[in-house]
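Contents: one structure, followed by commentary.
The values are calculated or read from the model by the stated rules, or taken from the named source; none is laboratory data. Every value quoted in this text rests on a predicted model; they were computed, and no experiment measured them. Backbone-built Cβ (ideal geometry, glycine too); neighbour counts: all protein chains shown. These area figures cover heavy atoms from the full protein model, side chains too; ligands, DNA and RNA do not enter into them. Shrake-Rupley method; radii C 1.70, N 1.55, O 1.52, S 1.80 Å.
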Amino acid sequence: MKNLIKRILPLAGAVFALALQVFIKDNRRHPAALHPYYENLLLIFAAVLLVAFAASFFWQNARNFLQKNGPVIAAGFILLSALNILTAKTAVLPVMLFPSFDSILSVFVESRALILKCVFHSIKLLFTGIFFGVLAGFLTGVGLGFSKRFNYWVNPFVKIIGPIPATAWIPISLVVFPGTFGASVFIIALSVWFPVLLLTSSGIQNVPNAYFEVGKTLGAGKFYQVFRIAIPAALPNIFQGLFFGICSSFIALMTAEMFGAKAGIGWFINMEKELAEFKGVYAGLILIAVFCSMILKLLFLAKDKTLRWQKGLVK
């Protein structure tokens, strides 16, 4: 019975949010949207959850998903309903600063061409910066963790440059690089470089020395010790560095796009803020959340596949 309640909770939450939206009229101070975007979205959610609930009676994956995530999904719908009451239904929160869900969702439909352009620009900028940042951080981290000589010469400079926030380099990068794209890539790469470097070197330095001694005994050279012993053993730390680096890259991305960029999610949010169109600001924040969640999800999948040997060994 308890599991059945967990499975039906998401559907009940969606129906409750939908009923609230349909049967309680919006406050007159909120401008009406061209179409009932929020209502239509809730209808889609309710239909999907109804299908998932029906499938849970004969499909194990659907049953496990709803039993595990049902309470959290229901809580999300309750939170949306509470925000809907405070904004569109009662206008308790300031109308200009807290637009209705219909107004926010209308941005994705009515400004979809501009949003797609901004998303494409941000993806191009972000992945270019992440690529160079991960590459530089990984190579520097391997050198610091494995080579005492490299550590001796490079580590003092890392201690000076690394702790400085990447966004503090924006004025210098705008002067050094010929265009805003190159400057933005540099800022993003710098924000990724330090956490990847730090955790890669830490992971390699924490590899038990016995591993290398066994490798030397069996005739392993330096190259083999680095790529077949040190790096595989340090992979958990390297993935942690990637997680921290990607989270830092989004902060750098948003900041970099607010200085001289002609497109991008950060540029879009800044433009909407200057125009006092806060529905666009919230739409941009939603884009960032979805974008970041998708990238982290892919990284988690790659981690789980690469570190399958950890299953059952760590919590």
Looking only at segment 40-67, how many residues end up being over 30 Å from Ser106 (Cα atoms) and without any contact (Cβ under 8 Å) to a residue 12 or more places away in the chain? 9
With the checklist (1) open to solvent by less than 20 Å² (accessible area, probe 1.4 Å); (2) of a type outside the set (Asp, Glu); (3) under 19 Å from Leu242 (Cβ atoms) in hand, flag the one item Ile123 doesn't pass. (1)
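Take the conditions within 13 Å of Leu253 (Cα to Cα), out of contact with any Lys or Arg (no Cβ under 6 Å at 6 or more places or on another chain), open to solvent by less than 60 Å² (accessible area, probe 1.4 Å) and small (Gly, Ala, Ser) and apply them to Ser184. Does it pass?
On the way: within 13 Å of Leu253 (Cα to Cα): yes; out of contact with any Lys or Arg (no Cβ under 6 Å at 6 or more places or on another chain): yes; open to solvent by less than 60 Å² (accessible area, probe 1.4 Å): yes; small (Gly, Ala, Ser): yes.
Against the criterion (within 13 Å of Leu253 (Cα to Cα), out of contact with any Lys or Arg (no Cβ under 6 Å at 6 or more places or on another chain), open to solvent by less than 60 Å² (accessible area, probe 1.4 Å) and small (Gly, Ala, Ser)), Ser184 qualifies.
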Positions within segment 254-277 being over 21 Å from Ala113 (Cβ atoms), touching a helix residue (DSSP H, G or I) at 6+ places or on another chain (Cβ under 8 Å) and open to solvent by 30 Å² or more (accessible area, probe 1.4 Å), in sequence order: Thr255, Met258, Phe259, Gly260
In segment 101-111, is there at least one residue being out of contact with any helix residue (DSSP H, G or I) (no Cβ under 8 Å at 6 or more places or on another chain), free of Cβ contacts under 8 Å to residues at least 24 places away in the same chain and loosely packed, with under 15 Cβ neighbours inside 10 Å? no
Checked segment 75-100 for anything in contact (Cβ under 8 Å) with a residue 40 or more places away in the chain and among the aliphatic types (A, V, I, L, M); matches are Ala75, Ile78, Leu80, Ile85, Ala88, Ala91, Val95, Met96, Leu97
Within segment 145-181, the count of residues that are farther than 29 Å from Ile229 by Cβ, among the small types (Gly, Ala, Ser) and crowded, with 18+ Cβ neighbours inside 10 Å comes to 2
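Would you call Gly70 farther than 23 Å from Ile288 by Cβ, touching a Pro at 6+ places or on another chain (Cβ under 6 Å) and either in contact (Cβ under 8 Å) with a residue 40 or more places away in the chain or exposed (fewer than 13 other Cβ atoms within 10 Å of the Cβ) (or both)?
On the way: farther than 23 Å from Ile288 by Cβ: yes; touching a Pro at 6+ places or on another chain (Cβ under 6 Å): yes; either in contact (Cβ under 8 Å) with a residue 40 or more places away in the chain or exposed (fewer than 13 other Cβ atoms within 10 Å of the Cβ) (or both): yes.
Yes, satisfied.
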Given Asn61, Asn84, which one is of a type in the set (S, T, N, Q), at pLDDT 85 or above and exposed (fewer than 13 other Cβ atoms within 10 Å of the Cβ)? Asn61
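Which residue out of Gly141, Gly76, Gly133 is surrounded by 14 or more Cβ atoms within 10 Å (Cβ to Cβ), modelled with pLDDT under 90 and outside any loop (DSSP other than H, G, I, E, B)? Step through it out loud before you land on a result.
Numbers: Gly76 fails: modelled with pLDDT under 90; Gly133 fails: modelled with pLDDT under 90.
Residue meeting the stated conditions: Gly141.
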Within segment 126-180, track down each residue that is of a type in the set (Gly, Ala, Ser), under 12 Å from Leu190 (Cα atoms) and in contact (Cβ under 8 Å) with a residue 40 or more places away in the chain. Gly129, Gly133, Ala136, Gly137, Ala166
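In segment 229-251, which residues are aromatic (Phe, Trp, Tyr) and either free of Cβ contacts under 8 Å to residues at least 24 places away in the same chain or on the phi > 0 side of the Ramachandran plot (or both)?
First, pick out the residues of segment 229-251 that are aromatic (Phe, Trp, Tyr): 239, 243-244, 250.
None - no residue of segment 229-251 is aromatic (Phe, Trp, Tyr) and either free of Cβ contacts under 8 Å to residues at least 24 places away in the same chain or on the phi > 0 side of the Ramachandran plot (or both), so the list stays empty.
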Report the residue count in segment 1-50 for those that are open to solvent by 70 Å² or more (accessible area, probe 1.4 Å), of a type in the set (S, T, N, Q) and under 19 Å from Val92 (Cα atoms). 0
Scan segment 252-284 for residues that are among the acidic types (Asp, Glu) and touching a residue at least 40 places away in the same chain (Cβ under 8 Å) and jot them down. Glu257
